[in-house]
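Taking it in order: structure first as structure tokens, then the write-up.
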Amino acid sequence: MSRDLVDDPTQHLQYMRHLQQSQPSRPPIERFGQGYQDYMQSPLQPLTDNLESITYEVFEKDPVKYEWYERAVALALKDLRALLGDERQIIVAVAGAGRGPLVTRVLQASRKTGINVKCYAVEKNPNAHLLLQRRNATDPLWANQVTVVASDMRSWPGPTLPNDGSALTKTDLLVSELLGSFADNELSPECLDGVQHVLHPGHGISIPQSYSAHLTPIASPRLHSDLLSRASTDISLSVSEKWEIPYVVMLHQFDYISTAPPTTSPEVPQTPDVQQAWSFSHPVAPEILAHARQRGAGGTVADTGTPYSGPTTNDHNARSCTLRFACADRGVCHGLAGYFETVLYSSPNRPKHNNNNSEQQTIELSTNPVTMAEKSKDMISWFPIFFPLKTPLHIPDGGEMEVSMWRQTDDRKVWYEWVVEVYMRVPVGEGGSGKRMRVGISELHSSRRNGCMM
Ligand SMILES: C[S@@+](CC[C@H](N)C(=O)[O-])C[C@H]1O[C@@H](n2cnc3c(N)ncnc32)[C@H](O)[C@@H]1O
């Protein structure tokens, strides 16, 4: 290289610019999450708190979620029309409408499919309600045709008949998006139970139809030391309670502890072993809700006259799981990473395997790292959730972790509890598979004191 070139920084600068400009663009979640890596936030509680307009604005930037909802609504409208015929409008309610993006998608699906709908937008946040009314008056697609209802969905009596404002009717399609990073942690099950009475008991469809919570153990010294060094800046939390609540966080510097298949070979691609904790489906079987109502009203055990004791009205929304994770390599577990999957709509009328996306039979969203690329690549609305462990757990080579988790509830709130155990096999005699011995266990963590109010 000539001395001139070495001394002239312009060429070096040009080359650096070239490298910078020819970088592949970063995936949307990385662009969107810039500055949020490993930053732990308390999960939103849209049921108890009223979200600000800026929070809705951030949700609405998602390039995938709303598009997938529109596809799901279009599929459901086609199935409802096939069932109910062309004569009457399909009645659709968006429950928890926010500033109205899902209402717009319902109206777009209606226009694209040519299926006439009557749309209701139900929202309990008074600020969002004002925005919905304005949108109804100004957006040409809405054209003042949407009925905006300012109410908690659980106390909404339901739509009224067009020609008789006092007679109630049922909705054919109930669209909601009340999901948190761990599926049910923003109390979607409780809200949808409370509004199910407005859905037609025969053919009524809920979008989403189901959702499930998923988890896997992770190592993240960074999150652990961040929590260790946190004095309780949040005045509502005592110092020890910081270990007893889950956090929403864009995981960045971390490792999966259990991979499937468990192997130490560098040639086999490693995917995390993310397992399903539990799931919810909607609409719920009417007997379950009737039973819960009966218990809540202090009813009696059917045919016996014995008063109910113990179980509360929300017991059917309690869940629990025990999951085993094989760990090929030794490591340290600092907590559990949580994700969700949801089936927005699965049409019973279309062929199972259809490569044409617009006619896809099952429309799903996922934040599970194993299935997200296939189900809803580039979706940005949700970061994972992190359930911390107060004391990190050491896992030996070839160890096994057993995670037990509960979704607990009483009549007022919902909370999570979690405990992790570590096992290893110790040889006994010759040729046997060994004895499974517990070599570590975490504290039982519980977010009861900071549970989500119903
Ligand atoms: C996650 S936001 C989704 C908003 C909007 N649908 C979207 O997708 O952008 C959930 C919305 O549901 C509302 N919400 C939650 N629980 C509700 C309830 N019980 N009754 C009525 N609205 C509720 C919240 O105020 C919030 O606007």
Given the chain, what count of lysine pairs have C-alpha atoms under 14 Å apart, with each pair 8 or more places apart or on different chains? 5
How many percent of the alpha carbon pairs in the chain exceed a separation of 40 Å? 29
Looking only at Cα atoms, what is the convex hull volume of segment 63-177 per residue, in Å³? 106
Please list the radius of gyration and Dmax for segment 353-436, considering alpha-carbon atoms only, with Å as the unit. 20.5, 60
With the 8 Å Cα cutoff and a minimum separation of six or more residues, the chain has a relative contact order in percent of 17
Roughly how many percent of the accessible protein surface of the chain is carbon and sulfur, given a 1.4 Å probe and a whole-percent answer? 52
Which value in deg cm²/dmol, rounded to the nearest 500, describes the helix-derived mean residue ellipticity at 222 nm for the chain, given -39,500 (n - 2.57) per DSSP H run of n ≥ 4 and division by the residue count? -7000 deg cm²/dmol
On average, how much accessible surface per residue is there in segment 63-177, in Å², for a 1.4 Å probe, leaving out ligands, DNA and RNA? 43
Scan segment 1-87 for GluC sites (Glu not before Pro) in coil per DSSP, keeping those whose Cβ has at most 11 other Cβ atoms within 10 Å, and list them by number. Glu87
With point charges of +1 on the Cβ of Lys and Arg and -1 on the Cβ of Asp and Glu, referenced to the Cα centre of the chain, which listed residue (Phe32, Ser281, Ser151) lies farthest in the positive direction of the dipole? Ser151
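The values are calculated or read from the model by the stated rules, or taken from the named source; none is laboratory data. These numbers come from a predicted model, not from an experiment. Virtual Cβ from ideal backbone geometry, glycine too; neighbours counted across all protein chains shown. Just so you know, the surface numbers come from the protein's heavy atoms only, side chains and all, with ligands and any DNA or RNA stripped out. Shrake-Rupley method; radii C 1.70, N 1.55, O 1.52, S 1.80 Å.
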